[in-house]
Structures are given as C-alpha cells and as structure tokens.
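Down below is the structure, laid out as structure tokens.
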Amino acid sequence: MSKRAVALLSGGLDSSLAVRLLKDQGVEIKALYFYTGFCITEHKRRLGLKKEDGQQYVNPAIRAAAQLQVPIEVVDISQEYFNVILNPKYGYGKNVNPCVDCRILMLKKAKEIMERQGYSFVITGEVLGQRPMSQTREKLKLIERDAGLEGYVVRPLSAKLLPTTVPEKLGWINREKLLSIKGRGRNIQIQLAKKYGLEYEQPAGGCCYLTDENYAIKFKESLAVDGFITREDLVLFSVGRHLRLPSKTKLIVARNEGEAKFLMTFKNRYDHAYRKDGKGTFVLIKGEIPEGEHQLVADIVSRYSKREPCYVILSIKGEQKEIWAQPIDDALLDSFKIYTKKGAMR
C-alpha cells in the first residue's frame, strides 16, 4: 500500500487546507467533487449569472484543484441524492438539509473510487464541532461506519482530537503534523490560507441550497399543498419567485434572464406565460389553471415585466391565448407569495 488518497474537495477553505496539509506530507492525492445539483455557486454558473464585479462564477472545486495542483474527478450523484433528500434515514437539519445521509453517500462513493482506482484512504475537510448535525464526535463515527470506512477517513484539521486512523498507525502520514481545530470559527483556517497563499471566495465553499430557509419554505409548502414532491420540484425550488394562486396552481416567475432561459427549457412539459414582445419575464405554470385565473396570470406577467400594460401570451395545453394585461396590485400579489418578506410561510 502506498501514500495515495482520494479527497472530498468542495472548493471551500476547509477541504482545500485538508488537501494541502497531506500533500505537504507527500501523499499523492486525487480530488473528488460530488455534484448533487444543489451547490449555489454552481447553480449560478449554470444560469450564466455574473458576480457584482462582472466576473463569471466558476465551479469552486475545480478552481481549488487547479490552485492545489491536484487532479480532480467530478462525480455526478444527483439522481441518488434526490432519493436521499426525500427519504433521509437520519432526518433533516435546521431546514431540509440531510447532512448525515449526504456525507454517508459521498463517502460510500469515495470508497468505491478509492478501491477501484487503487488509493488507500479518504481525506475530508471536516472539523470537529463545526456543524452541529453532522460533525459531532458521535456523528463522525456513525458516518464512517455506515460508509464502510472505519479508520480510513483522515480529517487533517481535527485529527489530533479524533481517534488515530489506520494511515497514521501504518506510518503513511505523521499525526504530529496534523491539527487540532474544533468549533465553528474559521480564524485558524483563514490564517493558514494566508500562509499557504490559498485564494477562496468564502470559507464554506459553494454552499448548499438545502440549508437555505427560503428553499426549505418552498419545499414544505409544496409538500403540504400538493401532498408530494417530485425530483423536478427539487430543482425548481431553487429558481424564481413562487406564487400559489387561489386554485392552488403554482406560478414560478423568472427573476432575471438566466432564470428565464432555464425555465423555458421546461415549456414543453408545463403551461407557461410571457409578454408578447419578449421584453419581460417568463412564467411557468404548474397545475391545472382555471379559465377564471387566466387574466390574473397575465396581470402578474405584466407586473414583473417592467410594470407596464402589455399583451401577454398564455400557452395552455398547447394552445396560445393573447390577453391585454395591467400590472397586478402589489397587495394582492403579496397574498399569493409562498413566503413573505420575513421569510415565513403564509
């Protein structure tokens, strides 16, 4: 066995430092980025959105791997991850984040790659006590056990506070050169990043939509009203403004050009509405829309399309209908919003 390891690299500060620390010990490392479909930065990149300075979003893990000079493999686990979200064995965190089940799935996949490609152990950037749901001493042990990797997960940032791993016992890595970081603060990591010259956008990496309160509100509201959630819903919860009409039909209103283009990819499967001259938003209609609400939908399109009176095209069951629309009153519009300005379900 040699000093070869696969590393879970999110692109955040912790996982980047974990790779750097073991690379400095001569470990040959291959980074793994697990694509779940819920990374906020990656989602913005796919929509073609830009940062405030005009620069494009870049996949944080690929950027980190280039900086660390390690090869990286992007592993798509999105299909399996949908099942984890809908049926987490160990439940959700504060919102709809199945953190424990998520880590187990990723480590199981890492184990498969490790064994298939001849690597010896797994590296993660986990820090003891940093995340209350998944990074307690007990949960780290449980995750390791369920993934079938007991003793073979090295967490360089907190290693001295955790049981000695097999790679340490066999002398593949030096425990004395590992760290004893714990808790939610990242001051030590930030100082280490300066020491190593590591650049990063934010300490937590690309972040996950499932931890976002507004996403969780849409998730719970849909489950309560519709009685079920589809895999497609899990994607659509991250896009646009969500409105629920009196008929219980849902509208998803694009907030920008990127979201409009994204929602348009669903127009062959859902009814939809848009400003006739193409100057406004795009609205996806989920559910059976009664004829009595056609004008309401058109007025909502008008409201979110420069607040101007305009002709709106409704595409219902493959047939197009042209309606003259006036911007809907904001007070009435607010009554349809699935979440209020305070982020609470209405």
Would you mind finding the one in 122, 166, 154 that is of a type in the set (A, V, I, L, M, F, W, C) and touching a Pro at 6+ places or on another chain (Cβ under 9 Å)?
154
Give the residues of the range 267-291 that are outside any strand (DSSP E or B) and touching a residue at least 24 places away in the same chain (Cβ under 8 Å), sorted by residue number.
267, 276, 277, 279, 280, 281, 287, 288, 289, 290
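Which of the residues spanning the range 203-233 are outside any helix (DSSP H, G or I) and either under 18 Å from residue 83 (Cβ atoms) or in contact (Cβ under 8 Å) with a residue 40 or more places away in the chain (or both)? Even if it seems obvious, please write down each step before you answer.
Filtering the range 203-233 down to residues outside any helix (DSSP H, G or I) leaves 203-208, 212, 227-230.
Hits for the range 203-233 are 203, 204, 205, 206, 207, 208, 212, 228, 229, 230.
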State all residues of the range 152-202 that are under 29 Å from the mean Cα position of the chain (by Cα), in a loop (DSSP other than H, G, I, E, B) and surrounded by 15 or more Cβ atoms within 10 Å (Cβ to Cβ); if no residue qualifies, say none.
152, 155, 156, 157, 158, 162, 179, 181, 186, 198, 200, 201
Could you list, in sequence order, the residues of the range 273-298 that are farther than 14 Å from residue 326 by Cα and either in contact with a Phe, Trp or Tyr (Cβ under 7 Å, 6 or more places away or on another chain) or of a type in the set (A, V, I, L, M, F, W, C) (or both)?
273, 281, 282, 283, 284, 285, 286, 289
Given the conditions (1) within 16 Å of the chain's Cα centre (by Cα); (2) closer than 30 Å to residue 257 by Cα, which single one is not true for residue 106?
(2)
Take the range 234-254 and flag every residue that is assigned to a loop (DSSP other than H, G, I, E, B), out of contact with any Gly (no Cβ under 6 Å at 6 or more places or on another chain) and either modelled with pLDDT of 95 or more or under 20 Å from residue 330 (Cβ atoms) (or both).
240, 245, 246, 247, 248
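The values are calculated or read from the model by the stated rules, or taken from the named source; none is laboratory data. Because the structure is predicted, anything quoted here is derived from the model rather than measured. Counting neighbours? That spans all protein chains shown, and the Cβs are built from the backbone with ideal geometry, glycine included.
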